[in-house]
Amino acid sequence: QVHLVESGGGLVQPGGSLRLSCAASGIIFKTYHMAWYRQAPGKQRELVATIGGDGSTNYADSVKGRFTISRDNAKNTVYLQMNSLKPEDTAVYYCNANELRYEYWGQGTQVTVSS
């Protein structure tokens, strides 16, 4: 059975930092593209960042230069380091694992940026 478990969300002031983690089990982690998505209230879920099995990365324009996605294949974990957080970054952040035939989602972790 596949599980993606996110952690690290919380309340942070504008300009602050958070590090999200997503621990995967039940998949051959190194073969999966991993991604972080987010969904703000009343908005559609949007792609934040992706990382391939080879470590190649892509970012949404809104987070470039502020967020960094990384992975540790030995720990079956993907991370999202979020710096210089803005109120508009407030959302539920979801971990996603996908390969050619399968796609899995975590349950989400809330990130709130507010003073």
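The values are calculated or read from the model by the stated rules, or taken from the named source; none is laboratory data. As the structure is a prediction and not an experimental result, all values here were calculated from the model. FYI the Cβ positions are ideal-geometry reconstructions off the backbone, even for glycines, and counts take in every protein chain you see. Remember, those area values only see protein heavy atoms, side chains included, never the ligands or the DNA or RNA. Shrake-Rupley method; radii C 1.70, N 1.55, O 1.52, S 1.80 Å.
So how do E46, E88, E6, E103 rank on accessible area, 1.4 Å probe, biggest first, that is with the largest at the start? Please report the intermediate quantities before stating the final value.
On the way: E46 80, E88 125, E6 10, E103 105 Å².
Solvent-accessible surface, decreasing: E88, E103, E46, E6.
Explain nothing, just the number: dipole magnitude of the stretch 1-77 about its Cα centre with +1 on each Lys and Arg Cβ and -1 on each Asp and Glu Cβ, in debye rounded to the nearest 20. If you can, show how the numbers build up before the last one.
Working: 9 positive and 5 negative charges, 19 e Å.
That gives the stretch 1-77 a dipole magnitude of about 100 debye.
Over the C-alpha atoms of the chain, what are the Rg and the largest Cα-to-Cα span, Dmax, in Å?
For the chain, the Cα radius of gyration and maximum Cα-Cα distance read 13.4, 43 Å.
As a test question: what accessible area, to the nearest 10 Å², does V111 have when a 1.4 Å probe is rolled over all protein chains in place?
Estimated to the nearest 10 Å², V111 gives 0 Å².
Looking at the chain as a GNM with Cα springs under 10 Å, which of A97, A40, A49 has the largest mean-square fluctuation?
So, out of A97, A40, A49, the one fluctuating most is A40.
Considering the options Y102, N83, V48, tell which one lies farthest towards the positive end of the dipole of the stretch 45-110, charges being +1 on Lys and Arg and -1 on Asp and Glu at the Cβ, about the Cα centre.
Comparing the listed Cα positions along the dipole, N83 ranks first.
Using a 1.4 Å probe on the protein heavy atoms only, what accessible surface does Y59 show? Give it in Å² to the nearest 10.
60
On average, how much accessible surface per residue is there in the chain, in Å², for a 1.4 Å probe, leaving out ligands, DNA and RNA?
Per-residue accessible area for the chain comes out at 54 Å².
Ordering W105, W36 by how much accessible area each has at a 1.4 Å probe, largest first, what is the list?
W105, W36
For K64, which lysines qualify as cross-link partners when the Cα separation must be under 23 Å and same-chain residues fewer than eight apart are set aside?
K64 reaches K43, K86.
Loop-only trypsin sites (Lys or Arg not before Pro) in the stretch 29-72, please: DSSP not H, G, I, E or B, and at most 15 other Cβ atoms within 10 Å. Please list the in-between numbers first.
Details: sites: K30, R38, K43, R45, K64, R66, R71; in loops: K43, R45, K64, R66.
Within the stretch 29-72, the qualifying trypsin sites (Lys or Arg not before Pro) (loop, at most 15 other Cβ atoms within 10 Å) are K43, R45, K64, R66.
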